[in-house]
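The values are calculated or read from the model by the stated rules, or taken from the named source; none is laboratory data. Keep in mind that what you see is a predicted model, and the values were worked out from it rather than measured. Neighbour counts run over all protein chains shown; Cβ positions are idealised from the backbone, glycine included. Heavy atoms of the whole protein, side chains included, go into the accessibility calculation; ligands, DNA and RNA do not. Shrake-Rupley method; radii C 1.70, N 1.55, O 1.52, S 1.80 Å.
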Amino acid sequence: MGNREALLTGAKACLREKGYDRTTVRDIATAAGVSMAAIGYHYGSRETLLNQALFETLDEWGDAMGRALVPDADGSSKRHFEQMWDSLIADFTAHPDLWLASMELFMQAQRQPELRAALAEGTAQGRRGLAAILAGVPEDEVAETSVRTIGSVQLALMSGLMIQWLSDPAAAPSAAEVLQGLRALAELAR
C-alpha cells in the first residue's frame, strides 16, 4: 500500500474514532504511518482527505446496505420492509461512529461549498438507490417521481431515525414501531 492509500485508510479510522472536527493532521499521519507533509502532497489539505475518506466510507456502507436490503426470494414486500428497518437499526447501533461522522459532514458542508455540492450529489444518489430498492427495480429504471417521493421520504425517515438512535437509543423506535407509525400516518393522510 502506498502513502496515498495509507492516508485514506488512516483518515477513515480517525473519522470513526475521533470524528471529523477532532481529527488532526497528526492523527491521520500517525494512523497511516507517514509524515504529516504527505497529506498536503497527496490530498492538498486535511479537509480534502477527510471528505474523500468520509464519502468512500458512506459509499461502502451504502453498497453493503443495498445488498442487505434486497428482498427475500419469497418476494414478500411487507416482510422486506420490516427487514429493511431491522437492518437499518442494527447498523445504527453497530456503527454509531459512522453516523456521527456523517452528521458532522452535513455541518461541514454548510461552510464548504465544494463539499456541499458533493453531498448534494451523494444525497441524490441515495434517494434514487432507496427508491430502486423499495420498488424492486434497477436504479436506471426508477421514475423521477418515485425518486422525489418514495426515495426522499425514505431518506427523511432514515435520517430522523438515525438521529433518534444517536441521541437516545433507549427511547428510539424499533422496526415494528416504525412500521406501526407509518401505517397510522397513512390512515391520517386519507
Loop trypsin sites (Lys or Arg not before Pro), the range 1-36, which have at most 13 other Cβ atoms in a 10 Å radius of their Cβ (DSSP): 22
Efficiency of FRET from Cβ geometry, residue 140 and residue 170, R₀ 30 Å, rounded to 0.05: 0.15
Overall form of the chain per C-alpha gyration tensor (a/c, 1.5; a/b vs b/c): prolate
Gain in span if fully extended, residue 36 to residue 123, counting 0.36 nm per residue against the direct Cα distance: 28.1 nm
Residue 114-residue 97 pseudo-label distance in nm [points 7 Å out on the Cα-to-Cβ vector]: 2.8 nm
Formal net charge of residues neighbouring residue 108 (Cβ-Cβ distance under 15 Å; K, R +1; D, E -1): +1
Potential extension, residue 182-residue 45 segment - 0.36 nm per residue separation minus Cα distance: 44.9 nm
Carbon/sulfur fraction of accessible area - the chain, other protein chains in place, 1.4 Å, %: 56 percent
Charge tally in the Cβ shell below 10 Å around residue 142, where Lys, Arg are +1 and Asp, Glu are -1, residue 142 excluded: -2
Where trypsin sites (Lys or Arg not before Pro) fall in DSSP loop in the range 83-147, at most 15 other Cβ within 10 Å: 111
Mean ellipticity per residue at 222 nm, deg cm²/dmol - from DSSP H runs of n ≥ 4 across the chain, formula -39500 (n - 2.57): -24500 deg cm²/dmol
Extension gain from residue 156 to residue 82, taking 0.36 nm per residue of separation minus the Cα-Cα distance: 24.9 nm
